[in-house]
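Below: one structure in structure tokens.
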Amino acid sequence: GTLTVRGARVLEAGCGVGLPGALALQLGCAELVLQDYNAAVLCSMTMPTLRLNGLWERVLRGGVRFVSGDWADLGPLLGPQGAVGEGGSPAGFDLILSAETIYSTEATPRLWRLLQQQLRHPTGTALIAAKSYYFGVGGSVADFCALVQADERFTCESVRTFEDGQSNRREVLMVRWRDGAAPNVAP
């Protein structure tokens, strides 16, 4: 299906500079949460990106939040699972974006738990951009997809591949709820 950003509730996990989040704002998302482990990154890199792209007015009007911390601890900051959002729809994010965040075998399951908790049921989509393999730290697209597909409620597929013949191949993965999958149950 088509990916709709206009009016969507968007989370960029591990945002760093925050270019995907800035693009989501330009495309008309209703709400954006920019998350990074380090508050200093949000202040010194993410916020300047929004200013330089003429998007600071959106921050001042509301609808943009900056959240720092470990993915494992974000649930209460992002909204409880099972809560009801605007218009009676389930809480969670319509679109979760993340790039270069599955680089280690330690980071991958933590990101996956965040997606399981925060991807709006049943229509939410996550796009994860990553190198096919991270040499020396063990993360890989194949490992991430295997982790996702071990949970029968979700699908993971590579929707775009970038190769220049010189550097490591990069892929964009799309994670979605399977048709008919039940929503999250409390752990």
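Arrange the peptides 8-14, 57-63, 32-38 so that the one whose residues have, on average, the most other Cβ atoms within 10 Å appears first.
8-14, 32-38, 57-63
As I understand it, the dipole of the chain uses +1 on the Cβ of Lys and Arg and -1 on the Cβ of Asp and Glu, about the Cα centre. Which of Leu97, Thr108, Trp71 lies farthest toward its positive end?
Working it through, the farthest residue towards the positive pole turns out to be Leu97.
Here's another thing I want to ask about it. Pairs of Cα atoms under 8 Å, at least six residues apart: use those to get the relative contact order of the chain, whole percent.
17 percent.
Which are the unpartnered cysteines of the chain, meaning those with no other cysteine Cβ under 4.7 Å from their Cβ?
Cys15, Cys29, Cys43
Also: How much of the accessible area of the chain, probe 1.4 Å, is carbon plus sulfur, in whole percent?
Percent of accessible area from carbon and sulfur atoms in the chain: 55.
How large are Rg and Dmax for the chain when calculated on the C-alpha trace, in angstrom?
For the chain, the Cα-based Rg and Dmax read 16.0, 49 Å.
The values are calculated or read from the model by the stated rules, or taken from the named source; none is laboratory data. Since this is a predicted model, take the numbers as computed values, not measurements. Methodologically, a virtual Cβ is constructed for each residue, glycine included, from the backbone with ideal geometry; neighbour enumeration extends over all protein chains shown. Protein only, heavy atoms only, side chains kept; ligands, DNA and RNA dropped before computing areas. Shrake-Rupley method; radii C 1.70, N 1.55, O 1.52, S 1.80 Å.
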